[in-house]
Amino acid sequence: MANKNIVILGGDGIGPEVTAWGNDVLKNIADAFGHTFSFQNHLIGHAAIEATGNPLPDETLDACKAADAILLGAVGHPMYDNDPSKKVRPEQGLLKIRKSLGLYTNIRPIQIFDELAHASSIKPEILMGSDILFFRELTGGIYFGEPRERQEDGEVAVDTMRYSKMEVRRIAEKAFDAAMTRRKILHSIDKANVLESSRLWRETVNEVAKDYPEVKLVHMFIDNAAMQLIKDPKQFDVVVTGNMFGDILTDEASQIAGSLGMLASASVGDSVGIYEPIHGSAPDIAGQNKANPLATILSTALLLDISFGMKEESQAVIDAVDAVLKDGFRTADIAESTTPKDKILGTDAIGQQVVDRIKAAVAS
Ligand code: NAD
C-alpha cells in the first residue's frame, strides 16, 4: 500500500489524448492493488506558452520537483517547426525540465510483442522474442561538450566529445543494476579503437563491472552494434552507451519494434523520473481520436517499475496491453491490411480495452 503523487504533463497535440489513458491506467492499477495515487495536471510546451508565455512555468517545475513521478505526453506545434526565428519554443520546456531534474539516463525498452512482428521490415523469426533494455547517457558527450563552434570564417566546425569517469560510472551502475534483474548480460557500446573518450568509457565500465561479477559484460564497437542489432537482436539484453551512439542506436531499434506508437521511455537521474512515449505531438492526427495510446500506457509500466518498484503492477499493465493485441485489437498505425475493420479502434476504445483487461485480471 503506497501513497504516490504523480504529475501529468499532457503537453501538445496528441499528448493530452494519450496521457489521459496513462492516467486512467494508473488510477485503475492503484484501485486494483490498494494504493493511493494522486494526480496533478500541469502545462508544458506550446500549451504553456499560450497560457503563460513560458514553455516551462515555475508552477510546473515546482510541482515536478515535488512529485514521485512524472508522466509526459509530447511537446511541439507546427507554428514553430519551420520558423527557427521564434525565440520562445515548446522544446525549451522539455530540455529545461530534463536539465533541472538532472535526468542523465534515458531508458528505452524495445519489446517486440509477437503479434506485431509483422509490423517490422525485419523477418518475424529474427525479431520474435527480442527484449532489449537500452541505457543512453543523456546529459553529456558530444551534444554538450565544449568547444562547439564554427571557426575560421565558417570553413571549419568543431564539436567536442567529452566524458568524465563520474558520468560513465553513474549510468553504468544503473545499467548493471538492471542487468542483475534480467538475463545478466550487458553490452557496452563504444568506439574505443578510435576515440579517447570511448577508451575512458570502456575503462570505467570495466571498473564498475568488478562490483557485478554475475553479469557477463560484452564490449562492442558502435559500427558492429548497429549491424548486430538488425542481424540478431536476441543476443542483446541490457545495452549501455553514450549520448550520440545511443541516439542513433535507439532510433534504429525503435524500427525493429515496428511502430512509434508502441514505444515507451524513461528519463531518470537521482531524483524524480519522467516517463513518456518516444513519439511527438503528431499534429496531423491531433484531436481526431486516432492516436495510439499504447506507448504512453507502456510508459506507465516503466513508471511503476522504475520509480515505485512495483513490479507486479507494472507487469499487469504489460499483460493487459499484450492481451488486447492477442485479441486482435489494433489502432490504425499498427493495423494490417488483413485486420478486420471492427478490430481497428480509436484512442479511447483501445485505451478502454486495456483498462478493462486490468480490472478483469485483478478480479479473477
Ligand atoms: P511525431 O512522432 O509527432 O509523428 C510522426 C508520425 O507518426 C506522424 O505521421 C504521426 O501521426 C505518427 N504518430 C506519432 N505518434 C503516433 C501515435 N501515438 N499514434 C499514431 N500515430 C502516431 O513526429 P513529427 O511529426 O516529426 O513531430 C511533430 C511534432 O512533435 C514536432 O513539433 C516535433 O518537434 C515534436 N516532437 C516532440 C517530441 C517529444 O515531445 N518528446 C518527440 C518528437 C517530436
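Here, each number is a calculation from the coordinates, and none is a lab measurement. Worth saying up front: this structure is predicted, and the values here are computed from it rather than measured. Neighbour counts run over all protein chains shown; Cβ positions are idealised from the backbone, glycine included.
Side notes on the structure shown:
- Going by neighbour counts of Cβ atoms within 10 Å, the residues Phe37, Phe135 line up, fewest first, as Phe37, Phe135.
- Comparing Pro84, Pro277, Pro124 in a Gaussian network model of the chain where C-alpha atoms under 10 Å apart are linked, the largest mean-square fluctuation is found at Pro84.
- Computed FRET value (nearest 0.05) for Thr339 with Ser164, which takes r as the C-beta separation and R₀ as 41 Å: 0.25
- The Kirkwood radius of the chain, taken over pairs of alpha-carbon atoms, gives through the Stokes-Einstein law at 20 °C and 1.002 mPa s a diffusion coefficient of 101 µm² s⁻¹.
- Charge dipole (debye, nearest 20) of the range 225-364; +1 at Cβ of Lys and Arg, -1 at Cβ of Asp and Glu: 340
- Here the residues Tyr275, Tyr212, Tyr104, ranked from fewest to most Cβ neighbours within 10 Å of their Cβ, fall in the order Tyr212, Tyr104, Tyr275.
- Taking a span of 15 Å or more along the helix axis (Cα atoms) and a mean Kyte-Doolittle hydropathy of at least -1.0 as the rule, the DSSP H helices of the chain that qualify are 15-33, 90-100, 165-180, 196-209, 243-256, 311-326, 347-363.
- When shorter helices are ignored and each DSSP H run of at least 4 residues is given -39500 (n - 2.57), the per-residue value for the chain at 222 nm works out to -12500 deg cm²/dmol.
- DSSP beta bridge pairing in the chain, given as percent antiparallel to the nearest 5: 40
- Residues listed by number, the range 131-145, amide nitrogen under 13 Å from Lys99 label point at 7 Å toward C-beta: 139-140, 144-145
- Working from Cα pairs under 8 Å separated by at least six residues, relative contact order for the chain is 21 percent.
- Cross-link partners of Lys99 among aspartates and glutamates (Cα-Cα below 15 Å; sequence separation of 8 or more within a chain): Asp58, Asp62, Glu91, Glu137, Glu167, Asp270
- For Phe134, nonlocal amide neighbours, meaning residues 5 or more places apart or on other chains whose placed amide H falls under 5 Å from its own, are Arg108, Ile110, Val239.
- As a length-normalised measure over Cα pairs under 8 Å and 6 or more apart, the relative contact order of the range 121-257 settles at 37 percent.
- Remark: Glu252, Glu146 ranked as Glu146, Glu252, counting other beta-carbon atoms within 10 Å and listing the fewest first.
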